[in-house]
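This report refers to the structure that appears directly beneath it.
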Amino acid sequence: MKFKIILSLFILMCSFSAIACDICGCGVGSYYIGILPEYNKRFLGLRYQYKTLQTHLGPQGQITPITANETYQSTEVWGGWNIGSKFRVLAFVPYNFNKRSTQDNTGTKQGLGDVAVMGYYNLFNHSGTLGEKLLVQSLWIGAGIKMPTGKYEPTERLAISESPNNFQLGTASTDFTINAAYDVRLNDLGINANLNYKINTENKFQYRYGNKFTANLLAYYKFRIANTVTVAPNAGMLYETAEKDVESKKYSVDVSGGYSLSAVAGVEVAMKGLSFGANYQNVRAQDLAGGRAYAGNRLMLHVSLPF
């Protein structure tokens, strides 16, 4: 029965992507979560993300004299709070550093990004045995809201109409997410899956970023050292797809939307009173903004304190 629930939820979430903001993984509105740090009640931490993107490529994806190299860095305060055994809240407060370089000039932006809050409900949490091995699994489902706290500059879209509207600190729109997180572990070998569907609304400048679907699947193994430190290397895949942006309720933006598929490798370390980790995302396949943008590989580092 539980397997059927998981399978049905996965099919439902994947069906959203067929009708599925920003260029996948870069700029505003990226909600990669991955494996959460270990905590019982609450945690508070910092995440650092580094991403690159080439924009204003030629019709066949070739570099032109006006091609721009963009770098997106963010330092993010994030935290989680378990309320009883059934509810969980995650919050994200990013501060973004954007840089864009062309042959002629270099532009930068920095400031507060869009704050997001996600709530989860524990559909089930089960511990049992499979043969002589311990089997633990949990499924969390929920929803969230992203608030328009980051600065959005409408002139950015007008100035470079053939480039994705990505070089922003925020979207100026209130957006919503549907989320699911599943984890299953047999002794120390586990699989972690996260699904996120982001529903974007039109901002006051009559621009709506396309809805976005994100899914990641990671396999991990927990090595326990002297009963005080847990080291969990992990590897898997990250898939993102977004539909095209829309202007003035009816005009589709050609240089938007698309998909990317990345191989992910990382490590999580947990000890008493401290957790930290890192992962590297290697983009293996992509088709972004009708071939007019190309995403580079990405890096994420984090540290958190459970309390």
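Scanning the range 138-159 for residues that are touching a Ser or Thr at 6+ places or on another chain (Cβ under 8 Å) and buried (at least 19 other Cβ atoms within 10 Å of the Cβ) gives 144, 146, 150, 152.
Can you confirm whether residue 151 is more than 17 Å from the chain's Cα centre (by Cα) and under 26 Å from residue 51 (Cβ atoms)? Considered against the rule, which asks whether it is more than 17 Å from the chain's Cα centre (by Cα) and under 26 Å from residue 51 (Cβ atoms), residue 151 comes out as yes.
The C-beta contact set for the range 59-73 (first residue at pLDDT below 85, second residue part of a strand (DSSP E or B) and surrounded by 15 or more Cβ atoms within 10 Å (Cβ to Cβ), distance under 8 angstrom, 6+ apart or interchain) comprises 61/294. For the range 61-85, the tally of residues that are assigned to a loop (DSSP other than H, G, I, E, B) and touching a Gly at 6+ places or on another chain (Cβ under 7 Å) stands at 2.
Being under 23 Å from residue 199 (Cα atoms) and either of a type in the set (Gly, Ala, Ser) or within 19 Å of the chain's Cα centre (by Cα) (or both) is true for just one of 68, 116. Which residue is that? Steps first, please.
On the way: 68 fails: under 23 Å from residue 199 (Cα atoms).
Matching residue, one of 68, 116: 116.
Selection within the range 246-267: residues that are touching a helix residue (DSSP H, G or I) at 6+ places or on another chain (Cβ under 9 Å) and either assigned to a strand (DSSP E or B) or crowded, with 22+ Cβ neighbours inside 10 Å (or both). The member of this set that is modelled with the lowest pLDDT is 255. In the range 209-245, the residue that is surrounded by the most Cβ atoms within 10 Å (Cβ to Cβ) out of those that are of a type in the set (S, T, N, Q) and under 16 Å from the mean Cα position of the chain (by Cα) is 214.
Residues of the range 275-307 that are outside any strand (DSSP E or B) and within 18 Å of the chain's Cα centre (by Cα): 296, 297. In the range 223-245, the residue that is farthest from residue 288 (Cα to Cα) out of those that are touching a Lys or Arg at 6+ places or on another chain (Cβ under 8 Å) and in a strand (DSSP E or B) is 230. Pairing each residue of the range 118-133 that is at positive phi with any residue that is assigned to a strand (DSSP E or B) and among the small types (Gly, Ala, Ser), provided the two are 6+ apart or on different chains, yields no C-beta distance under 6 Å. Selection within the range 246-274: residues that are within 16 Å of residue 293 (Cα to Cα) and among the aliphatic types (A, V, I, L, M). The member of this set that is nearest to the chain's Cα centre (by Cα) is 261.
The values are calculated or read from the model by the stated rules, or taken from the named source; none is laboratory data. Given the structure is predicted, the values throughout are model-derived calculations rather than measurements. Quick reminder, even Gly has a Cβ in these numbers, built from the backbone with ideal geometry, and neighbours come from all protein chains shown.
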